[in-house]
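These notes are about the structure you will find just below.
The values are calculated or read from the model by the stated rules, or taken from the named source; none is laboratory data. Predicted, not measured: the structure shown is a model, and the values here were computed from it. FYI the Cβ positions are ideal-geometry reconstructions off the backbone, even for glycines, and counts take in every protein chain you see. With ligands, DNA and RNA removed, areas are computed over all heavy atoms of the protein, side chains included. Shrake-Rupley method; radii C 1.70, N 1.55, O 1.52, S 1.80 Å.
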Amino acid sequence: MYRLLLLIGCLSCLISTSTLQAQKMPKLDKLTVRVGPIGSLGWNLYHWYQRPINHEFSKVSGHRSAGQILNVMPSFSLGILMCIDTKTIHQGLAWYNEYYLSIEGGVSYMPFSYDFDERKGQSALAFPVSLNFYVPVGGIGLSFGAGAQFSRMEFNRNTVVYEDLKNPFFVTYFAEVGIIPHEFDMSYSFLLGANFFARVGLGEYQTITADFGIRGIIGYTH
């Protein structure tokens, strides 16, 4: 009997504590989703790609990587943007927040990308497709993304040894982080500004892609 009363007492304390904690937690009062287009124009400040070890170029040469600093050609991306507005109630006060989610596809062309150790050819082309999350933090914005990138290297001006070899696209799966050094709120304005980003991807057979750059983003939801 004593053990039963002790068990009932412990359960009562646990339920009371859980109830108090639940009362202290913010409660979602309203959620609204708005949809619109998003696009960007940017520049790849530095990239470095390493093709897979089973690639025909890799079988002929021991040098599998190439890169370029300060690309002269702009990169583009287009996609769909969702703005998620939330209203929460916490201790009698209303709190409003906005978060932005996008699906984007882009293209980057680096005409002077090449291998410094062995000149096999030049140029690189990349098609990244990503799911991105933009969140305001204080007076700035942070971006986080993940996706897949289809890349091709050294397909222009091939030297004699490599000109007849197959040079297909290869795939990497990447994570991306970025910072937007200003405050944004699409309830009254565009998400417009510079996003400094770093994107690093890995693939099969020791494949690597790394892109670092800046892009100007324009988005609108209604």
*Nitroxide proxy distance, nm - points 7 Å out along Cα→Cβ at Q206 and K27*: 5.9 nm
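Set the Förster radius R0 to 22 Å, insert the Cβ-Cβ distance between E118 and A198 as r into 1/(1 + (r/R0)^6), and round the FRET efficiency to 0.05.
The value I calculate is 0.20.
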*Using a Förster distance of 41 angstrom, determine the FRET efficiency expected from the C-beta separation of L131 and N156, and round it to 0.05.*
0.85
*Contour minus Cα-Cα distance for V60 and L101 (0.36 nm per residue)*: 10.4 nm
*Determine, from the Cβ-Cβ distance of M73 and A175 and an R0 of 35 Å, the FRET efficiency 1/(1 + (r/R0)^6), rounded to the nearest 0.05.*
0.90
*With every protein chain present, what is the per residue accessible area of the stretch 39-87 (1.4 Å probe, Å²)?*
48 Å²
